[in-house]
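This is the structure, below, for whatever I ask next.
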Amino acid sequence: MPEAHCESSNCTSAVSTRLRQPPASAGGSRICPPCVRKLEEELQELPLLYARCGVVLHGERTRGFGQARGRKSPGIVLWDTLVTARTELLSLLSSWAALVAEETRLPLRPRREVTALVRFLLDNLDFLVGHPAVVDAIDEFARVCTRARHAINPTDYVALGLCERPGCGRKVYAHIDQGGIGSGGNLVSCEAGHAVDPGQWLSLAQRYRQGGTGRKGSIA
């Protein structure tokens, strides 16, 4: 069986062909089947993440905020984070839907609503995975998913530093539970989805205990 090829530099299931292979033929996918499935799953998750951010945001509004003198209260920070996550999610979906609609010259465009935009992109997934910018789509949707999850559960994560993958530089987050960082198989990864090797978890945990570069709930 021939090896699968994929243009995504974050792919772990195929031989990355970025900068080494000619462009995909017309109608062909530029990413491997596992990356297609990952993109599809993240698109399908976006309406739920958007709704959950809204539920948490509504709870923060009804609870009310107390303003600490000279600095924002934790409630204000959480509210800002939730609003930002929802705004980025909707804007990203709108941008990619507009690109697909324009380049496919479809007569009807989806309304600017998360569920409708996701359905439109899923219906045109074959076009999207064959587009020269599909790798950007993978990275951007992974990032908004991560930010939305962090916004919903801000105390479950800690920022540990910047991703060392070439050309990335986004923040690395670790899930925190009673067993510590990365315990129980929990993933340590950056906003773009680059996973941190288990062999690096110890040094990341030490940086966290020593003050490190992040704190619980920090996703800015």
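Coordinate-derived values only; no laboratory data. The structure presented is a predicted model; accordingly, all values stated were derived computationally and were not measured. With ideal geometry, Cβ positions are generated from the backbone for all residues, glycine too; neighbour counts draw on all protein chains shown.
How charged is the neighbourhood of Leu122? Take every other residue with its Cβ under 13 Å from the Cβ of Leu122, and add Lys/Arg as +1 and Asp/Glu as -1.
Combined, the nearby Lys, Arg, Asp and Glu give -4.
Please compute the modelled spin-label separation between Ser13 and Ala195, points set 7 Å along Cα→Cβ, answer in nm with one decimal.
Going by the 7 Å Cα→Cβ label model, 1.2 nm.
Which order, highest average first, do 118-130, 136-148 follow once you tally other Cβ atoms within 10 Å for each residue and take the mean per peptide?
My ranking of the peptides, most packed first, is 136-148, 118-130.
Given H placed 1.01 Å from N in the peptide plane, which residues other than close sequence neighbours of Leu162 have an amide H under 5 Å from its amide H?
Correct list: Val172.
Extension gain Arg112-Thr84, at 0.36 nm per residue separation less the Cα-Cα distance, in nm?
Roughly 8.4 nm would be gained on extension.
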